[in-house]
Amino acid sequence: IHDYCQSYEAARIKACEKADLKIYEYINEHFTEYDMSQEKVADELNTTTSAVRQAILNRTGKMYKDYLIGLRIEYAKVLLKQEELHIVEVCEKVGYGNISYFIRLFREMTGVTPAKYRREALEEKE
């Protein structure tokens, strides 16, 4: 019985890790979509919001919202280094529909506004 319990637990852990990876990969592929709520992710992957939260926590050590914001802000930094994109376009490309909210989040995460980040990044290139 002990051996059976051990093999069952190992199989359960492996299945959980596989499910966590699927959720993690989905979020990393779709983070730029406007609606990336936990509910939408759970619906898309036929799982629960609790499973989505736990998968991200297990994989990253971060809460879902914090992880998603981090992904979007890091991608925004990449896009801001491209002069041809307006800040509003960057905001939309990273999944935000409200420019004021995007600027506030960006400032909270980086300490500067998107415009200042762009200026500083372009000055470094020169």
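The values are calculated or read from the model by the stated rules, or taken from the named source; none is laboratory data. Bear in mind the structure is a predicted one, so any value in this text is a computation, not a measurement. So basically every Cβ, Gly included, is an ideal-geometry build from the backbone, and we count neighbours across all protein chains shown. These accessible areas exclude ligands, DNA and RNA; they are computed on the full protein's heavy atoms, side chains included. Shrake-Rupley method; radii C 1.70, N 1.55, O 1.52, S 1.80 Å.
Mind listing just one residue for me: the one in the range 75-87 that is among the charged types (D, E, K, R) and farther than 16 Å from Thr113 by Cβ and, of those, modelled with the lowest pLDDT?
In this case the residue turns out to be Glu83.
Could you list all residues from the range 89-102 that are more than 15 Å from Leu71 (Cα to Cα) and either touching a residue at least 24 places away in the same chain (Cβ under 8 Å) or surrounded by 12 or more Cβ atoms within 10 Å (Cβ to Cβ) (or both)?
Matches in the range 89-102: Glu89, Gly97, Ile99.
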*Of the residues that make up the range 59-68, is at least one open to solvent by less than 50 Å² (accessible area, probe 1.4 Å), over 12 Å from the mean Cα position of the chain (by Cα) and modelled with pLDDT of 95 or more?*
no
*Among the candidates Glu39, Glu108, Glu74, Glu84, single out the residue that is open to solvent by 70 Å² or more (accessible area, probe 1.4 Å), part of a helix (DSSP H, G or I) and over 30 Å from Lys18 (Cα atoms).*
Glu108
*asked:* Tell me yes or no: at least one residue of the range 111-118 is at pLDDT below 95 and not in a helix (DSSP H, G or I).
replied: no
